[in-house]
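Scroll down for the structure; my scribbles are underneath it.
The numbers here are math on the coordinates, done by the rules we state, and not lab data. Source: prediction; values computed, not measured. Positions of Cβ are backbone-derived with ideal geometry, glycine not excepted, and every protein chain shown enters the neighbour counts.
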Amino acid sequence: MAQTNANYARRIRRKRGVRKKIFGTPERPRLTIFRSNKHMYAQVVDDLSGRTLAAAGTATKSGGAGGNIDAAVQIGQQIGEKAKAAGVEQVAFDRNGFRYHGRVKALADAAREAGLKF
């Protein structure tokens, strides 16, 4: 089922509230996620310099199977490993307006297990 304009507008409103409070610094960059029906993406972003320090997603060749919890766990592990390789220990979690359950929670838990602190 396609996403309706009302659902999208509600998520964007929630996203604005979250982004008011969260800002990625070089010491503590922002771990942001995006969830679609087919795929899931995660990025570690330094907002001061506007640079992406690490990225992972299911749409890439090394990504997971798509839009399920198993894929979210794989992306969480990948982003944790890539962030650690980039020298990032702590992040601020930006759920991007999505509710913290299901795939979003699975990705966050896997990133924590991979060594990120948030």
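Summary of computed values
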read-out	value
Over segment 5-113, relative contact order from alpha-carbon pairs under 8 Å, at least 6 apart, %	31
THR60-PHE118 pseudo-label distance in nm [points 7 Å out on the Cα-to-Cβ vector]	1.6
Where chymotrypsin sites (Phe, Trp or Tyr not before Pro) fall in DSSP loop in segment 27-110, at most 12 other Cβ within 10 Å	TYR100
Under 16 Å, Cα to Cα: Lys pairs in the chain, sequence gap 8 or more or different chains	5
Descending principal axes extents, the chain, alpha-carbon based, whole Å	40, 32, 21
Dipole in debye (nearest 20) - the chain, about Cα centre, beta carbon charges: Lys, Arg +1; Asp, Glu -1	700
Cβ-placed point charges (K, R +1; D, E -1), dipole of segment 39-106 about Cα centre in debye, nearest 20	180
Distance (nanometres) between label positions extended 7 Å along Cα→Cβ at ALA6 and GLU81	4.3
